[in-house]
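The values are calculated or read from the model by the stated rules, or taken from the named source; none is laboratory data. If you're wondering where the values come from, they're calculated on a predicted model, not measured in any experiment. Ideal geometry is used to build each Cβ from the backbone, glycine not excepted, and the neighbour counts take in all protein chains shown.
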Amino acid sequence: MLGAHVSIAGGTHEAPPRASAIGATAMQIFTKMATRWAERACEDDECRAFHAALRKTGVRATAAHDSYLINLASPDPTLRRRSIESFVAELARCEALGLRFLVSHPGNYLNDRASGIQRNAEAIGEALERVPGRTVLCLETTSGSGTAIGATFEELAAVIAAVPGSQRRRLGVRGPPTAPW
(Lines give C-alpha, C1' and ligand atoms only; values in the text may rest on other atoms or scores of the structure.)
Protein backbone atom coordinates (compact mmCIF):
# COMPACT_ATOMS: atom_id res chain seq x y z
CA MET A 1 0.00 0.00 0.00
CA LEU A 2 1.09 3.50 -0.74
CA GLY A 3 -0.62 6.48 0.80
CA ALA A 4 -0.50 10.03 2.04
CA HIS A 5 -2.28 12.47 4.28
CA VAL A 6 -4.74 14.31 2.04
CA SER A 7 -6.84 17.42 2.51
CA ILE A 8 -10.58 17.42 3.21
CA ALA A 9 -10.97 21.02 1.99
CA GLY A 10 -14.44 21.27 0.50
CA GLY A 11 -15.67 18.26 2.51
CA THR A 12 -14.50 14.79 3.44
CA HIS A 13 -15.81 13.47 0.10
CA GLU A 14 -13.03 15.45 -1.63
CA ALA A 15 -10.27 13.40 0.03
CA PRO A 16 -10.66 10.09 -1.85
CA PRO A 17 -10.31 11.67 -5.31
CA ARG A 18 -7.24 13.57 -4.09
CA ALA A 19 -5.69 10.33 -2.87
CA SER A 20 -6.60 8.61 -6.12
CA ALA A 21 -5.04 11.42 -8.17
CA ILE A 22 -1.63 10.63 -6.66
CA GLY A 23 -2.05 6.88 -7.07
CA ALA A 24 -2.60 6.21 -3.38
CA THR A 25 -4.14 2.98 -2.14
CA ALA A 26 -4.16 4.31 1.44
CA MET A 27 -5.03 7.72 2.81
CA GLN A 28 -5.08 9.60 6.08
CA ILE A 29 -7.25 12.65 6.78
CA PHE A 30 -8.22 14.98 9.57
CA THR A 31 -11.96 14.73 10.22
CA LYS A 32 -11.99 18.30 11.57
CA MET A 33 -9.55 21.18 11.99
CA ALA A 34 -6.63 19.65 13.87
CA THR A 35 -5.71 22.79 15.80
CA ARG A 36 -9.17 23.73 17.13
CA TRP A 37 -11.34 22.31 19.87
CA ALA A 38 -14.55 22.86 17.87
CA GLU A 39 -16.21 19.49 17.34
CA ARG A 40 -18.59 18.39 14.64
CA ALA A 41 -20.62 15.34 13.80
CA CYS A 42 -20.51 13.60 10.43
CA GLU A 43 -24.05 13.76 9.10
CA ASP A 44 -25.59 11.00 6.97
CA ASP A 45 -25.32 12.98 3.70
CA GLU A 46 -21.62 13.60 4.32
CA CYS A 47 -21.00 9.92 5.07
CA ARG A 48 -22.87 8.78 1.95
CA ALA A 49 -20.91 11.23 -0.23
CA PHE A 50 -17.62 10.09 1.33
CA HIS A 51 -18.41 6.40 0.78
CA ALA A 52 -19.52 7.03 -2.82
CA ALA A 53 -16.31 8.93 -3.57
CA LEU A 54 -14.20 6.24 -1.90
CA ARG A 55 -15.82 3.45 -3.95
CA LYS A 56 -14.70 5.18 -7.16
CA THR A 57 -11.03 4.94 -6.13
CA GLY A 58 -8.39 2.31 -5.49
CA VAL A 59 -8.04 3.49 -1.89
CA ARG A 60 -8.39 0.48 0.41
CA ALA A 61 -6.93 1.64 3.72
CA THR A 62 -8.36 4.71 5.44
CA ALA A 63 -7.19 6.51 8.55
CA ALA A 64 -7.71 9.74 10.40
CA HIS A 65 -5.26 11.55 12.64
CA ASP A 66 -6.78 13.02 15.77
CA SER A 67 -6.55 16.63 16.86
CA TYR A 68 -3.14 17.92 17.90
CA LEU A 69 -4.76 19.48 20.99
CA ILE A 70 -5.80 16.18 22.57
CA ASN A 71 -3.70 15.15 25.58
CA LEU A 72 -5.17 12.07 27.24
CA ALA A 73 -2.18 11.87 29.60
CA SER A 74 -2.60 15.36 31.05
CA PRO A 75 -2.70 15.64 34.85
CA ASP A 76 -4.90 18.77 34.52
CA PRO A 77 -8.48 17.55 35.07
CA THR A 78 -10.06 20.20 32.84
CA LEU A 79 -7.70 19.63 29.90
CA ARG A 80 -7.93 15.88 30.32
CA ARG A 81 -11.75 15.86 30.30
CA ARG A 82 -11.80 18.16 27.27
CA SER A 83 -9.29 15.87 25.57
CA ILE A 84 -11.36 12.77 26.31
CA GLU A 85 -14.53 14.36 24.94
CA SER A 86 -12.69 15.47 21.80
CA PHE A 87 -11.21 12.00 21.41
CA VAL A 88 -14.66 10.39 21.78
CA ALA A 89 -16.00 12.75 19.09
CA GLU A 90 -13.06 11.81 16.85
CA LEU A 91 -13.75 8.10 17.25
CA ALA A 92 -17.43 8.71 16.48
CA ARG A 93 -16.52 10.56 13.26
CA CYS A 94 -14.20 7.71 12.26
CA GLU A 95 -16.95 5.17 12.84
CA ALA A 96 -19.50 7.28 10.93
CA LEU A 97 -17.15 7.59 7.95
CA GLY A 98 -16.12 3.93 8.16
CA LEU A 99 -12.44 4.78 8.65
CA ARG A 100 -10.42 1.73 9.61
CA PHE A 101 -7.75 3.47 11.70
CA LEU A 102 -7.39 6.46 14.01
CA VAL A 103 -3.81 7.61 14.58
CA SER A 104 -3.08 9.31 17.91
CA HIS A 105 -0.07 10.57 19.81
CA PRO A 106 -0.02 9.18 23.37
CA GLY A 107 0.24 12.67 24.90
CA ASN A 108 2.41 14.45 27.43
CA TYR A 109 2.49 13.40 31.07
CA LEU A 110 3.80 16.74 32.41
CA ASN A 111 4.48 15.39 35.93
CA ASP A 112 5.19 11.66 36.27
CA ARG A 113 5.63 9.30 33.29
CA ALA A 114 4.01 6.24 34.92
CA SER A 115 0.97 8.28 35.99
CA GLY A 116 0.73 9.76 32.49
CA ILE A 117 0.77 6.31 30.91
CA GLN A 118 -1.99 5.21 33.29
CA ARG A 119 -4.12 8.32 32.59
CA ASN A 120 -3.68 7.79 28.86
CA ALA A 121 -4.72 4.14 29.08
CA GLU A 122 -7.76 4.92 31.23
CA ALA A 123 -8.89 7.61 28.78
CA ILE A 124 -8.42 5.29 25.80
CA GLY A 125 -10.43 2.58 27.56
CA GLU A 126 -13.23 5.03 28.35
CA ALA A 127 -13.36 6.34 24.78
CA LEU A 128 -13.35 2.89 23.17
CA GLU A 129 -16.10 1.80 25.55
CA ARG A 130 -18.21 4.85 24.71
CA VAL A 131 -17.74 4.45 20.94
CA PRO A 132 -18.02 0.77 20.05
CA GLY A 133 -17.12 -0.26 16.54
CA ARG A 134 -14.35 -1.36 14.21
CA THR A 135 -12.01 1.63 14.13
CA VAL A 136 -8.58 0.60 15.40
CA LEU A 137 -6.65 3.13 17.46
CA CYS A 138 -3.02 3.27 16.32
CA LEU A 139 -0.72 4.82 18.89
CA GLU A 140 1.92 6.74 16.97
CA THR A 141 5.52 6.75 18.07
CA THR A 142 6.96 10.08 19.14
CA SER A 143 10.40 11.62 19.38
CA GLY A 144 10.19 11.37 23.17
CA SER A 145 11.25 14.95 23.71
CA GLY A 146 10.24 16.65 26.94
CA THR A 147 7.33 14.91 28.60
CA ALA A 148 6.01 13.10 25.51
CA ILE A 149 4.96 9.48 25.91
CA GLY A 150 5.64 6.99 23.14
CA ALA A 151 9.30 7.28 22.19
CA THR A 152 9.85 3.57 22.77
CA PHE A 153 7.85 0.46 22.02
CA GLU A 154 8.12 -0.35 25.73
CA GLU A 155 6.17 2.83 26.58
CA LEU A 156 3.54 2.04 23.96
CA ALA A 157 3.35 -1.53 25.28
CA ALA A 158 2.80 -0.13 28.80
CA VAL A 159 -0.11 2.00 27.54
CA ILE A 160 -1.65 -0.95 25.71
CA ALA A 161 -1.20 -3.27 28.72
CA ALA A 162 -3.00 -0.76 30.96
CA VAL A 163 -6.04 -0.50 28.64
CA PRO A 164 -8.85 -2.83 29.76
CA GLY A 165 -8.49 -6.23 28.10
CA SER A 166 -11.86 -6.04 26.37
CA GLN A 167 -10.70 -2.97 24.44
CA ARG A 168 -7.17 -4.07 23.48
CA ARG A 169 -8.35 -5.73 20.25
CA ARG A 170 -8.91 -2.20 18.92
CA LEU A 171 -5.35 -1.04 19.58
CA GLY A 172 -2.27 -1.00 17.37
CA VAL A 173 0.98 0.88 16.94
CA ARG A 174 1.84 3.30 14.13
CA GLY A 175 5.51 3.86 13.45
CA PRO A 176 7.01 7.12 12.26
CA PRO A 177 5.31 8.79 9.28
CA THR A 178 7.87 7.23 6.94
CA ALA A 179 7.00 3.70 8.12
CA PRO A 180 4.39 1.65 6.20
CA TRP A 181 1.00 1.03 7.79
(request) May I ask you to verify whether Ala158 is crowded, with 18+ Cβ neighbours inside 10 Å and within 21 Å of Trp37 (Cβ to Cβ)? (result) no
(message) Given the condition free of Cβ contacts under 8 Å to residues at least 12 places away in the same chain and of a type outside the set (A, V, I, L, M, F, W, C), answer yes or no: does some residue in segment 60-75 qualify?
(response) no
(message) I'm trying to understand the selection: among the residues of segment 90-147, which are at pLDDT 95 or above and among the basic types (Lys, Arg)?
(response) Arg93, Arg100, Arg119, Arg130, Arg134
(message) Can you tell me which of (1) within 26 Å of Met1 (Cα to Cα); (2) at pLDDT 90 or above; (3) touching a Ser or Thr at 6+ places or on another chain (Cβ under 9 Å) is the one Ala157 doesn't meet?
(response) (3)
(message) Let me spell it out: the conditions are (1) in contact with a Cys (Cβ under 9 Å, 6 or more places away or on another chain); (2) within 27 Å of Arg40 (Cβ to Cβ); (3) free of Cβ contacts under 8 Å to residues at least 60 places away in the same chain, and Val136 meets all of them except one. Which number is the exception?
(response) (1)
